[in-house]
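Asks: Have a look at this one.
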Amino acid sequence: MTWASLIHVVVSGLATGSIYALMALALVIIYNATRTLNFAQGEMLMVSTFIGWTAQRALGWPLAVCVVVAVVAAALMGWAIERLLIRRAVSATHWDVLIITLGLSLAGLLWTHDEFPFPSFFGTRPVALGPVRVAPVSLGIIGGSLALMTALAALFRWTRLGRAMRAVAQNQRAARLMGISVERVYATSWVLAAVVGAVAGVLVAPVVFLSSKMGLIVINGFTAAVVGGFGSMPGAVAGGMLLGVIENLAPLYLPSGIRYSVPFLVLIAILVVRPGGLLGRVERRKV
């Protein structure tokens, strides 16, 4: 294999990893605020993308407007799920809330099983960078994901809302004593995670086609979050990128059938060496 072909594969892996990183970020945002794993994240991505596709297909709206529709629909869906289901189970155990999100995940499978093409912002003509040819959709996914990650970093670092969410993630009781509305942070985390998932869905749908199966991408997102260190946002990004690149490189050097096992093999290898993940820390609790 030439180095030009290798660069093409790596760029494609970074595009795949960007989607995994966004899904990992969505999971980590909710986990840090509520200590709950949202197994419905993939179905929230799928449903919001279907809504955007419906606006474009049935109503003929411009693609940019349909993306806004998908993001708004995701935000409303995240708010409704937290307000109507999760908040009512606030006194329940984490396992009970986990079962609720798992039920929502199964409910998402009731959508049609057909596959539909989703329009893309990016063309199909390869971009030539010297001897290297790169698919514009890969560059678009990487660019869009990095822009969203930068916006999230700015939100958590420089805004009052972001500081409140970081405070709740560190210590909910202390945050409440400081006058922070923990319930509002809960709702905001669900809305924010849903929006991140919707953007990931719109970016990846032109590549994998729109179907009820695309929600399964949350499995690799979860793997990326664990590899990077669950609870660490930089770790979620690093884990997603690493997972995407390795997954795309693996078929070049290993049997093609092993590609779908790569995420789990990487997960096991990382946890054996670093139980807390690449950028995570192992929490020690006093008994």
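Asks: Hey, how much of the P(r) for segment 148-283 falls beyond 21 Å, as a percent of Cα pairs? Kindly include the intermediate steps, with their values, before the conclusion.
Replies: Numbers: 4845 of 9180 pairs.
I get 53 percent for the Cα pairs in segment 148-283 exceeding 21 Å.
Asks: As I understand it, the value is the acute angle between the Cα axis of helix 262-273 and the longest principal axis of the Cα atoms of the chain; what does it come to in degrees, rounded to 10?
Replies: 50 degrees
Asks: List the trypsin sites (Lys or Arg not before Pro) in segment 19-91 that DSSP assigns to loop (not H, G, I, E or B) and whose Cβ has at most 13 other Cβ atoms within 10 Å. Which are they?
Replies: Here the trypsin sites (Lys or Arg not before Pro) that fit, given the DSSP loop and packing criteria, are 35.
Asks: While we're looking at this one, here's another question. Relative to the present Cα-Cα distance, how much length would full extension add between residue 176 and residue 65 at 0.36 nm per residue of separation?
Replies: That works out to 36.1 nm of additional length.
Asks: Give me the mean projected area, in nm² to one decimal, of the convex hull enclosing the Cα positions of the chain.
Replies: Result: a mean projected hull area of 17.0 nm².
Asks: Please calculate the 1.4 Å probe accessible area of residue 165, with all protein chains present, and give it to the nearest 10 Å².
Replies: Approximately 10 Å² of residue 165 is accessible to the 1.4 Å probe.
Asks: Pairing the Cα long axis of helix 182-208 with the longest principal axis of the chain, what angle in degrees results, from 0 to 90 and rounded to the nearest 10?
Replies: With rounding to tens, the tilt is 10 degrees.
Asks: Kirkwood-based Rg over Rh for segment 162-228 (C-alpha set), two decimals?
Replies: Here Rg/Rh amounts to 1.13.
Asks: May I pose another question? Using Cα atoms only, what is the angle between the long axis of helix 217-228 and the major principal axis of the chain, expressed in degrees (0 to 90) to the nearest 10?
Replies: The helix 217-228 is inclined about 70 degrees to the chain.
Asks: Still on this structure, I have one more. Can you give me the C-alpha center-to-center distance between segment 25-85 and segment 219-258, rounded to a whole angstrom?
Replies: Taking the Cα centre of each part, segment 25-85 and segment 219-258 sit 23 Å apart.
The values are calculated or read from the model by the stated rules, or taken from the named source; none is laboratory data. In this text, all values refer to a predicted model and were calculated from it rather than measured experimentally. No Cβ is skipped: glycine too gets one built from the backbone with ideal geometry, and neighbour counts run over all protein chains shown. All accessible areas refer to the heavy atoms of the entire protein, side chains included, with ligands and DNA or RNA removed. Shrake-Rupley method; radii C 1.70, N 1.55, O 1.52, S 1.80 Å.
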